[in-house]
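Student: Next up is a structure, given as structure tokens.
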Amino acid sequence: MPADATKVITSLRERLSHLLQDQMVGLYLCGSIVYGCFNPHTSDVDFTCVIKQPLTSVQRLRIRQLFDELRGQGRYGNALEGTFPVQGRMNECESALVADRVRHGEFDPDSRYEKWPLERHELHEMGLRLSGPEPQRLFAPSQWPAIQRAMVSELLDMVSLVRARPTPLQRLQAVLNACRVLYGLRHRRLASKLVGLEWAFHTFPEAWQDLLERAHSIYTGLASLTPNSFNPEHVWAFCSWAVNTLPQDMYARRRS
């Protein structure tokens, strides 16, 4: 991991511990960092900070100031994405979790986190502890139906995102996440973006091979991401195709 990323993570741990003190149960990393496929140029820094009680308005203000400072430290401060789940609620939730969320270094006004069952299972299986109890003791594993719903929800949300003319990085993430989600649904297990992408090479129709090869080259550092790397309409067509591969009963359950 780049030294600049390590510096931001260290600052995050130290400052959150100071701001929250006994309120903080533990701090953990997840996402591409724990899967071993962290890309210095495109990956987010995903974290989960477990707390005993919901954040107060004063704590939220101070944490917002902290993220303002971390964004000034470069790309990795801007790449912070994390959740502040309350310990007493997080393991009972088998659907969307209501909790404070940080995206791109800023608090997300939408406190509903649909992906939580998926992320909690990931934390239970492979979370990287920065402070607090071991993740296997703190996070309960999720049942497959809850993981499946979270995966389908994520895929459908991606279609909405790419329809809104996303940034080049968001287009790349949409392609990678679609591959990861379809792999997970097919094999009933969690996987990294890279595993999903390499599986897609051998599984998806020829029409998408150029798109997948471009995404692979950029994600593995063989090529640079530019404004023209991905045609928005092509990415939208790909994500729409991915949704259409879902079994109809699975799609209907998510939309109901």
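Student: Report, by residue number, each residue of segment 93-115 that is assigned to a loop (DSSP other than H, G, I, E, B), of a type in the set (A, V, I, L, M, F, W, C) and in contact with an Asp or Glu (Cβ under 7 Å, 6 or more places away or on another chain).
Tutor: Start the filter on segment 93-115 by keeping residues that are assigned to a loop (DSSP other than H, G, I, E, B), which leaves 93-96, 99, 104-105, 108-111, 114-115.
If we keep only those that are of a type in the set (A, V, I, L, M, F, W, C) too, we end up with 93, 96, 99.
The one that is assigned to a loop (DSSP other than H, G, I, E, B), of a type in the set (A, V, I, L, M, F, W, C) and in contact with an Asp or Glu (Cβ under 7 Å, 6 or more places away or on another chain): ALA96.
Student: Which condition does VAL86 not pass, out of (1) in contact (Cβ under 8 Å) with a residue 24 or more places away in the chain; (2) out of contact with any Asp or Glu (no Cβ under 7 Å at 6 or more places or on another chain); (3) more than 13 Å from GLN23 (Cα to Cα), if it passes all the others?
Tutor: The number of the failed condition is (3).
Student: Quick check on my filter: what residues within segment 5-23 are in contact with a helix residue (DSSP H, G or I) (Cβ under 6 Å, 6 or more places away or on another chain) and aliphatic (A, V, I, L, M)?
Tutor: ALA5, VAL8, LEU19
Student: Looking only at segment 38-92, count every residue that is in a loop (DSSP other than H, G, I, E, B) and either under 18 Å from the mean Cα position of the chain (by Cα) or not assigned by TED's automatic domain parsing to the domain that holds ARG13 (or both) and tell me the total.
Tutor: Counting residues in segment 38-92 that are in a loop (DSSP other than H, G, I, E, B) and either under 18 Å from the mean Cα position of the chain (by Cα) or not assigned by TED's automatic domain parsing to the domain that holds ARG13 (or both) gives 9.
Student: Please determine, by comparing only the residues of segment 201-232 that are over 17 Å from ARG171 (Cα atoms) and of a type in the set (A, V, I, L, M, F, W, C), which one is surrounded by the fewest Cβ atoms within 10 Å (Cβ to Cβ).
Tutor: If we filter segment 201-232 for residues that are over 17 Å from ARG171 (Cα atoms), which is where we start, we get 201-207, 222.
From what's left, of a type in the set (A, V, I, L, M, F, W, C): 201, 204, 207, 222.
On the way: PHE201: 13, PHE204: 20, ALA207: 11, LEU222: 9.
Looking at the filtered set, the residue picked out is LEU222.
Student: Here is a follow-up. Of everything in segment 97-125, what is farther than 23 Å from PHE67 by Cα and surrounded by fewer than 17 Cβ atoms within 10 Å (Cβ to Cβ)? Give them in sequence order.
Tutor: GLU125
Student: How many residues are β-branched (Val, Ile, Thr) and within 18 Å of GLU81 (Cα to Cα) when one looks only at segment 146-178? Before the answer, list the steps.
Tutor: Step one: filter segment 146-178 for residues β-branched (Val, Ile, Thr), giving 147, 152, 159, 162, 167, 175.
Okay, now just the ones that are also within 18 Å of GLU81 (Cα to Cα), so 167.
Qualifying residue count for the region: 1.
Student: For residues that are surrounded by fewer than 16 Cβ atoms within 10 Å (Cβ to Cβ) and in contact (Cβ under 8 Å) with a residue 40 or more places away in the chain, tally how many sit in segment 158-188.
Tutor: Residues of segment 158-188 that are surrounded by fewer than 16 Cβ atoms within 10 Å (Cβ to Cβ), as a first pass: 160, 163-165, 167, 186-188.
With the extra rule that they be in contact (Cβ under 8 Å) with a residue 40 or more places away in the chain, the set shrinks to 163, 165, 188.
Selection size over segment 158-188: 3.
Student: Could you please find all residues in segment 20-67 being basic (Lys, Arg) and within 25 Å of GLN170 (Cα to Cα)? Even if it seems obvious, please write down each step before you answer.
Tutor: So the first thing to find is which residues in segment 20-67 are basic (Lys, Arg), and the list is 52, 60, 62, 64.
Correct list: ARG64 only.
Student: Taking into account only those residues within segment 32-48 that are out of contact with any helix residue (DSSP H, G or I) (no Cβ under 6 Å at 6 or more places or on another chain) and under 11 Å from LEU80 (Cβ atoms), which is surrounded by the fewest Cβ atoms within 10 Å (Cβ to Cβ)?
Tutor: Among those residues, the one meeting the criterion is ASP44.
Student: Hey, another quick one. Quick check on this structure: which one of ALA140, ALA150 is more than 25 Å from CYS239 (Cα to Cα) and either part of a loop (DSSP other than H, G, I, E, B) or in contact with a Pro (Cβ under 7 Å, 6 or more places away or on another chain) (or both)?
Tutor: Among ALA140, ALA150, only ALA140 is more than 25 Å from CYS239 (Cα to Cα) and either part of a loop (DSSP other than H, G, I, E, B) or in contact with a Pro (Cβ under 7 Å, 6 or more places away or on another chain) (or both).
The values are calculated or read from the model by the stated rules, or taken from the named source; none is laboratory data. Quantities reported herein were computed from a predicted structural model and do not represent experimental measurements. Cβ sites come from the backbone with ideal geometry, for glycine too, and all protein chains shown count toward neighbours.
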